[in-house]
Amino acid sequence: MFVIRWLLGRIILLVDFLTSPKKPKLTADQQTALDAKTGNLSLYQLTACPFCVKVRRAIKAGGLNIELRNIKEQANLNELVEQGGKRTVPCLRIENQDQSVTWLYESNDIINYLQKL
Ligand SMILES: N[C@@H](CCC(=O)N[C@@H](CS)C(=O)NCC(=O)O)C(=O)O
């Protein structure tokens, strides 16, 4: 079972690599403006999780710079479970202007949120 999952993960990563979307060409000013909107975001994820791959592709296609936090690192996993409430990935951590934090689960909801930035 582990071998099959590992193999599927590698296939997903290979297909992702071969069909990776292009980053948009942005001016320095455009990138700075975009970075100002994403500085409060971080994505809890796993490298070979297909739902995480889908979100990372949307991040790349949008030219977004978002910190990735791999939950294979125990500290990241602890944060996700203790503060987000579930260990499911992907999960977007949004630090709001009033310092409160929103934990957005579900890849489609995350992509919708990012596309509206
Ligand atoms: N419907 C969710 C599915 C997410 C999902 O199933 N993620 C898996 C990894 S691929 C997961 O976190 N499973 C729980 C676990 O590993 O403990 C989405 O679209 O984001």
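The values are calculated or read from the model by the stated rules, or taken from the named source; none is laboratory data. These numbers were taken from a predicted model, which means no experiment stands behind them. Glycine gets a Cβ as well: all are built from the backbone with ideal geometry, and neighbour counts include every protein chain shown. Each accessible area value is taken on the protein alone, full model and side chains, heavy atoms only, with ligands, DNA and RNA left out. Shrake-Rupley method; radii C 1.70, N 1.55, O 1.52, S 1.80 Å.
General observations
- Residue in the stretch 35-48 that is touching a Pro at 6+ places or on another chain (Cβ under 9 Å), farther than 17 Å from residue 90 by Cβ and either away from the ligand (no atom under 16 Å from the Cβ) or at pLDDT below 95 (or both) present: no
- Restricted to the stretch 8-37, and to residues there that are of a type outside the set (D, E, K, R) and touching a helix residue (DSSP H, G or I) at 6+ places or on another chain (Cβ under 8 Å), the residue that is surrounded by the most Cβ atoms within 10 Å (Cβ to Cβ) is 12.
- Residue in the stretch 61-73 that is under 19 Å from residue 107 (Cα atoms) and more than 16 Å from the chain's Cα centre (by Cα) present: no
- Residue list for the stretch 78-105, filter: within 14 Å of the ligand (Cβ to nearest atom), open to solvent by 30 Å² or more (accessible area, probe 1.4 Å) and either within 26 Å of residue 22 (Cβ to Cβ) or of a type in the set (A, V, I, L, M, F, W, C) (or both): 81, 103, 104
- In the stretch 94-117, the residues that are assigned to a loop (DSSP other than H, G, I, E, B) and farther than 26 Å from residue 24 by Cα: 96, 97, 98, 99, 100
- Residue within the stretch 65-72 that is open to solvent by 50 Å² or more (accessible area, probe 1.4 Å), within 19 Å of residue 116 (Cα to Cα) and free of Cβ contacts under 8 Å to residues at least 40 places away in the same chain present: yes
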